[in-house]
Amino acid sequence: MARIRATLPAGAAGSSKYGGSRTRPGEERLFPEDLYRSLHQARTIGGGISVDYRLGWRTPILGQIWMRIRQRIHQEIRIYIDALTTQQSNLNGYLIRVATHMVETLDELGLRTMKREQREQAELLAALQDEVRALRREVEQLRAERTTVPIDERSSNGVAHGG
């Protein structure tokens, strides 16, 4: 599998060349590109599992007898192997479809949801920062007013002198 992946050109993250993903151009993907290539390769080779074994002649006299024995053994074993191969091929197909569906669903929902939540959090953070700045300005104004008001005016506004 590594040799197959090595021969594949590294496509752009947004291309649907290897994954058939439904992401729009310019959108980021949630998973690394290697995951999409692996899923594509699994879908490509998933249905092609088969064994085609051809028996040959080795020696002129014993070769024919040995070939007949091997053919008979091969036919008997092939009954079981074909059944197992079919079951495994079906299982592989189902697992590949499930994995592809999960990746595409997470890719479509997860990244968009995270980006939306990040935007909402950034907007909330900006609003809170603006509110903190406004409150700091008010506190500074109140401090400035308090220090600039003469003592006599403070006493005439209801502040009692101690005495």
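Here are some notes:
Residues are listed down the side, and each one gets a yes or a no for (1) surrounded by fewer than 11 Cβ atoms within 10 Å (Cβ to Cβ); (2) of a type outside the set (D, E, K, R); (3) closer than 18 Å to ALA42 by Cα:
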{"residue": "ILE65", "(1), (2), (3)": "yes, yes, no"}
{"residue": "ILE81", "(1), (2), (3)": "no, yes, no"}
{"residue": "SER89", "(1), (2), (3)": "no, yes, yes"}
{"residue": "GLY93", "(1), (2), (3)": "no, yes, yes"}
{"residue": "ARG97", "(1), (2), (3)": "no, no, yes"}
{"residue": "THR100", "(1), (2), (3)": "no, yes, yes"}
{"residue": "VAL103", "(1), (2), (3)": "no, yes, yes"}
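- Those residues of region 90-115 which are of a type in the set (Ser, Thr, Tyr) and at pLDDT below 85, in sequence order: THR105, THR113
- Counting the residues of region 20-42 that are modelled with pLDDT of 80 or more and of a type outside the set (Phe, Trp, Tyr) gives 9.
The values are calculated or read from the model by the stated rules, or taken from the named source; none is laboratory data. For clarity, every value in this text was computed on a predicted model and none was experimentally measured. So basically every Cβ, Gly included, is an ideal-geometry build from the backbone, and we count neighbours across all protein chains shown.
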